[in-house]
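Colleague: Before I ask anything, let me first share the structure, which is written out below as structure tokens.
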Amino acid sequence: MSRVILLWSGGKDAMLALCHARQAGHQVVALATFAPPEPRFLAHPLPLVRRQAEALGLPHLLVTIEAPFDLGYERALARLKEEWQLDGVVTGDIDSVGGAPNWIRERCQPLGLTVHTPLWQQSRQALLADLLARGIVAHLSCVDTRVLAPEWTGRTLDAATLCELQQLAEREDFDACGEQGEYHTMVTDGPGFAAPLRLDGWQVARQDHLAYLAEPQG
């Protein structure tokens with residue numbers, strides 16, 4: 001059994017990768033979120049990410065990365081490898097972004113860490129069907145309004161929503177899984193959750209071409 005950390009955004013792909021990693025027999029010892037100093041993630045609010053980790057009963061590691069980022073990632077991964085006695089890293093990456101090499105694979109290679117990408121280049125239809133079959137509950141936390149209307153923000157990725165999304169993706173020629181930034185998600189329930197998370201009071205906000213779920217203040 002290999003000891004791994006899972007690179008955690010809190011979205012559907014990270015959750016699906018967690019399920020596949022455990023099914024493959026890997027021991028997921030922690031969830032790690034790489035972030036710049038003083039991060040503010042519109043699509044993946046850190047308070048909700050921490051609640052997810054608590055619900056899953058796993059440590060959450062917020063790993064600060066500074067420029068130059070390639071060296072910053074490698075130093076951070078080297079520390080994690082030593083501190084957690086890691087054999088590898090799991091990511092929810094589905095495909096290359098803009099044709100670029102896989103960033104984490106490039107950073108892990110000199111460290112001798114194996115990178116597991118269980119979702120890599122799988123059929124989008126198969127991945128979305130797998131999401132439903134495993135009982136993963138995810139919500140659109142951020143959408144690019146140049147691709148999807150703001151009203152998509154906050155929708156639950158149930159069967160009806162996924163069917164509509166896939167039809168729209170085929171018609172408008174975009175990635176149905178949002179791999180190119182068309183949309184992002186946050187998971188509120190799934191295998192291993194002690195209890196579902198609630199999004200009470202969250203509202204849709206706008207910034208430039210993005211519409212996103214904003215956490216309640218106070």
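The values are calculated or read from the model by the stated rules, or taken from the named source; none is laboratory data. Everything numeric here is computed off the predicted structure, so don't read it as measured data. Neighbour counts run over all protein chains shown; Cβ positions are idealised from the backbone, glycine included. Only protein heavy atoms, including side chains, enter the accessible area calculation; ligands, DNA and RNA are left aside. Shrake-Rupley method; radii C 1.70, N 1.55, O 1.52, S 1.80 Å.
Colleague: Given A55, A67, which one is out of contact with any Gly (no Cβ under 6 Å at 6 or more places or on another chain), small (G, A, S) and touching a residue at least 60 places away in the same chain (Cβ under 8 Å)?
Modeller: Exactly one residue qualifies, and that residue is A55.
Colleague: Also, I was wondering about something else. Considering only residues that are closer than 21 Å to L157 by Cα and β-branched (V, I, T), which ones fall in segment 99-143?
Modeller: I136, V137, V143
Colleague: Yes or no: R198 among the basic types (K, R) and within 21 Å of L42 (Cβ to Cβ)?
Modeller: Here the answer is yes, as R198 does meet what is asked.
Colleague: Within segment 94-136, restricting attention to residues that are in contact (Cβ under 8 Å) with a residue 40 or more places away in the chain and closer than 30 Å to P216 by Cα, which residue is most open to solvent (accessible area, probe 1.4 Å)?
Modeller: R134
Colleague: Moving on to the next point. Take the residues of segment 170-190 that are open to solvent by less than 30 Å² (accessible area, probe 1.4 Å) and among the polar types (S, T, N, Q): which is farthest from A214 (Cα to Cα)?
Modeller: Filtering segment 170-190 for residues that are open to solvent by less than 30 Å² (accessible area, probe 1.4 Å) and among the polar types (S, T, N, Q), the one farthest from A214 (Cα to Cα) comes out as T188.
Colleague: When residues of segment 137-164 are filtered for being assigned to a loop (DSSP other than H, G, I, E, B), open to solvent by 10 Å² or more (accessible area, probe 1.4 Å) and without any contact (Cβ under 8 Å) to a residue 60 or more places away in the chain, how many remain?
Modeller: Selection size over segment 137-164: 5.
Colleague: Could you count how many residues in segment 84-98 are within 13 Å of the chain's Cα centre (by Cα) and closer than 17 Å to P59 by Cα?
Modeller: Number satisfying all stated conditions: 2.
Colleague: Give me a count of the residues in segment 33-79 that are over 28 Å from W152 (Cα atoms) and open to solvent by less than 10 Å² (accessible area, probe 1.4 Å).
Modeller: 3
Yes or no, residue by residue, for (1) within 14 Å of the chain's Cα centre (by Cα); (2) at pLDDT 95 or above; (3) of a type in the set (V, I, T); (4) more than 21 Å from G135 (Cβ to Cβ):
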position	(1), (2), (3), (4)
L16	yes, yes, no, no
R22	no, yes, no, no
H26	no, yes, no, no
A32	yes, yes, no, yes
A35	yes, no, no, yes
P39	no, no, no, yes
P47	no, no, no, yes
E54	no, yes, no, no
L58	no, yes, no, no
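Colleague: If you go through segment 183-218, how many residues are modelled with pLDDT of 95 or more and part of a loop (DSSP other than H, G, I, E, B)?
Modeller: Qualifying residue count for the region: 10.
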